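K.L.:
Following this message is one structure expressed as C-alpha cells.
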Amino acid sequence: MAHPAPLVAPQPSLATALEKLLGSDLLAHDFAADEDSITVRREAVAGVMVALRDSLEYQQLMEIAGVDYPDRAERFEVVYHLLSVTKNHRLRVRVSTDEATPVPSIVPVWPVAGWLEREVFDMYGVLFAGNPDLRRILTDYGFQGHPQRKDFPLTGYIELRYSEEDKRVVYEPVKLAQDFRNFDFLSPWEGADYVLPGDEKAGGTGEGPGKGAPTPMTSKEVKAADEKAKAPPPPTPKTTEKPAETGAGNKANKEAAKPSEDGAKAKADGESKTPATKKAEKASPNAKAPAKPRAPRKRKTGGDA
C-alpha cells in the first residue's frame, strides 16, 4: 500500500549533515512514515533555522503548530514545518516549553512566522520572545483561556450573546446545569442503579423501582370497563307534562295553578293565553297586536317613601 503523504525525495545523508551542522543543539532525530523530524534546544531555535535555511536549503516555512502534553514537565511542543524547494524535501523541527518560558521568535528569519506564532500563542498560550505583535488572532477580544489546551473545557468559561436591552454583545460566565455534564449510557431496561423519574410511583404495585412504569389496570379491571362502556344508556328522566305538576308537592302545584295577575289560568296543554292576547287576535286574526302594558302598581302608603 502506498504512503498517503505526497512522494518526497529521500535524503539518506540528512542525518549526518544535521549532526555535523547543528552539533549539540540537535537533541533527537526521528525518521518515521518517510518523514524526518528533529528536536532541538529551545534557546537555539533561531540559529538552527538560519543554518537550515542557508546551509541545507530549506527555503520556506510552511507552518507552525502546537501540541499539548499535560503530563510532561514542559507540556507544550512548538513544531515548525520546513520545505526545501530545490531538494523536494520536508523537515519537521520541534522544541518544547512550558507556560512561562518563552520561545525565541523566528520572525527575523521568516517574517511570515509573525502570524503563525500568534496562532500558537492564541490557542496554547505559548510565549514567543521577540515577536513584534504577539496578540490573539483567532479568538475574540477579552477571551479567557486557550482553547486548544487539553484541560480547557468544551463549553469554555464565558459565553456571549446579543442583549436587546444594552444593544450590544455582552459576555457572561457559562452556566451549565450538572444534568448536562453527566452522561449515562446505560439503558433503563437493563436495570439502572437509580430510580428514573416517574418510577417512584411503582412502589405500591409490588414492582420494584427502576423496572419501568406499572400497568395502569389489571385484566379484570379492563374487562369490567369494557362491559360498562357497552351497557345501554340510562332511560331519559321523566319531565313535567303540565304546568301544575312541578314535582315539588301539592302545595307547589296549587300555587302554580293559580291565575296570573291579568286573569290568565294555566292549562294542561300549555297553550294558555291571556285575555289581552285573545282580544288582539280577534281584532286582527293575521297580525299580532302588541301586548297590553301592565298598569303600574299603587305605591303603599306609610313607611320611608
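The values are calculated or read from the model by the stated rules, or taken from the named source; none is laboratory data. Given the structure is predicted, the values throughout are model-derived calculations rather than measurements. Don't worry about glycine lacking a Cβ; one is built from the backbone with ideal geometry, like all the others, and counts go over all protein chains shown. The protein model used for the area step is the full one, side chains on, heavy atoms only, and it has no ligands, DNA or RNA in it. Shrake-Rupley method; radii C 1.70, N 1.55, O 1.52, S 1.80 Å.
K.L.:
Students sometimes get this wrong: rank 219, 13 by accessible area, probe 1.4 Å, all chains present, largest first. Before the final figure, lay out each step's value.
P.N.:
Numbers: 219 95, 13 75 Å².
Descending accessible area places them as 219, 13.
K.L.:
Could you compute the net charge surrounding residue 77? Neighbours are other residues with a C-beta less than 15 Å from the C-beta of residue 77; K and R count +1, D and E count -1. If you can, show how the numbers build up before the last one.
P.N.:
Numbers: positive: 41, 42, 72, 75, 92, 94, 149, 150; negative: 30, 63, 68, 71, 74, 98, 99, 117, 119.
Neighbourhood net charge equals -1.
K.L.:
Hey, can you rank 29-39, 152-162 by average C-beta count inside 10 Å, highest first?
P.N.:
Values: 29-39: 14.4, 152-162: 12.0.
Ranked from most to least packed, the peptides come out as 29-39, 152-162.
K.L.:
Now a separate question. Can you pull the percent of segment 1-113's accessible area that's carbon plus sulfur, 1.4 Å probe, other chains left in place? Spell out each step's value before the answer.
P.N.:
Details: 3370 of 6010 Å².
Carbon and sulfur atoms account for 56 percent of the accessible area of segment 1-113.
K.L.:
Take peptides 49-55, 144-150, 124-130 and line them up by average Cβ neighbours within 10 Å, highest first, as a rough protection proxy.
P.N.:
124-130, 49-55, 144-150
K.L.:
Related question: Using unit Cβ charges (K, R positive; D, E negative) and no other charged atoms, how large, in debye to the nearest 20, is the dipole of segment 1-80 about its Cα centre?
P.N.:
Working: 6 positive and 14 negative charges, 32 e Å.
Approximately 160 debye in magnitude.
K.L.:
Follow-up. Enter the accessible area per residue of segment 1-145 (Å², integer; probe 1.4 Å; all protein chains in place).
P.N.:
On the way: 7740 Å² over 145 residues.
Each residue of segment 1-145 exposes 53 Å² on average to a 1.4 Å probe.
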